[in-house]
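Accompanying notes for the structure given below.
Since every read-out is calculated from the coordinates, none of them should be taken as a lab result. Owing to the predicted nature of the structure, the values given are computational and were not obtained by experimental measurement. Note: ideal-geometry Cβ built from the backbone for every residue, glycine included; neighbour counts use all protein chains shown.
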Amino acid sequence: MLHTLHPEEWVSKYADKLYAFARARVSSDEVAQDIVQDTFLSAWKGKDGYRGEASEQSWLYTICRNKITDHYRKAANSLQQLSMEDTGSDLFSDTGHWTQDTVPSEWHTSSARVETKEFYRILNECKERLKELQKAVFVMKYMDDMDSDEICKILNITSSNYWVLIHRAKLQLRGCLEQNWFK
Amino acid sequence: MISCKEASYLTSKKEEGKISLAERLKLAFHLMMCRFCKMFDKQNTFIAHHAKQMEDALADGNEVLLPETVKQRINDSMN
């Protein structure tokens, strides 16, 4: 079944959804707004090339996703080679032990409060506090289910840079969640 | 024996299945001895699981709205 486009409905039907999608993946309202604008503009310019195989919604999401990865790629361009040293110089002691501030404590995860909206808001806040590229790899890996090889290719980064970024993201996020929810 | 810092790094690699046998053994040995790193391992799994659900959980009653001014601008540019 071939789909058709209805540009007159795009903003009312998809603008908020695409904005939420973009905002969860980039670091500011402004960047997310630019991405949504660029998405609709590209879609408008390219509407004659739409063949109707994908639904209108998934076609727009694909364009949006591409704009987001373009944005990530630009940010990753200025990334120099990272080393393991960058993963936790402040999170671990000189001898490689957890510090008093960072040492994990027991989480009581079986509590009913854990699957509430409040919990997810805190988790999201912690994710928002990640540095841009840490957030990018975290989102691509854990929310978009991408494989690390795919992520490296898309961002044009080495796998060792990827490891450092994802590892740093997880350390930060874990610490933040522990501080703000489980303590 | 590897440090907690190295163990936490290997935990991440293990999750991806990109860990060598030697690394796997070093990590297993460390986790046997270190309850903090064991907790880190469990907590990572927990975070990964909930990160997946987070977007849907927050989308319900969506609070993130594109400003009207931007919507207007977009509509204007498509005419």
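Inside chain B, counting only helices (runs of 4 or more DSSP H) that do not spill past its ends, which hold 2 or more residues that are within 24 Å of the chain's Cα centre (by Cα) and either at negative phi or not small (Gly, Ala, Ser) (or both)?
Answer list for chain B: B:4-15, B:21-33, B:35-59.
Within the set of pairs 6 or more residues apart or between chains, which connect a residue that is more than 7 Å from every other protein chain (Cβ to nearest Cβ) inside the stretch B:28-51 to a residue that is outside any helix (DSSP H, G or I) with Cβ atoms less than 7 Å apart?
Every condition considered, the pairs that remain are B:29/B:1; B:30/B:1; B:30/B:2.
Sort out which residues of the stretch A:144-183 are more than 10 Å from every other protein chain (Cβ to nearest Cβ) and on the phi > 0 side of the Ramachandran plot, and write them in order of number.
Answer for the stretch A:144-183, where residues must be more than 10 Å from every other protein chain (Cβ to nearest Cβ) and on the phi > 0 side of the Ramachandran plot: just A:156.
Which one is farthest from residue B:31 (Cα to Cα) among residues in the stretch A:111-124 that are of a type outside the set (A, V, I, L, M, F, W, C) and more than 11 Å from chain B (Cβ to nearest Cβ)?
Here is the first cut: in the stretch A:111-124, the residues of a type outside the set (A, V, I, L, M, F, W, C) are A:111, A:113, A:115-118, A:120-121, A:124.
So of that shortlist, the ones also more than 11 Å from chain B (Cβ to nearest Cβ) come out as A:111, A:113.
Details: A:111: 25, A:113: 29 Å.
Ranking the candidates gives A:113 first.
Can you tell me which residue among A:95, A:62 is within 8 Å of chain B (Cβ to nearest Cβ), free of Cβ contacts under 8 Å to residues at least 24 places away in the same chain and loosely packed, with under 15 Cβ neighbours inside 10 Å?
Details: A:62 fails: within 8 Å of chain B (Cβ to nearest Cβ).
It is A:95.
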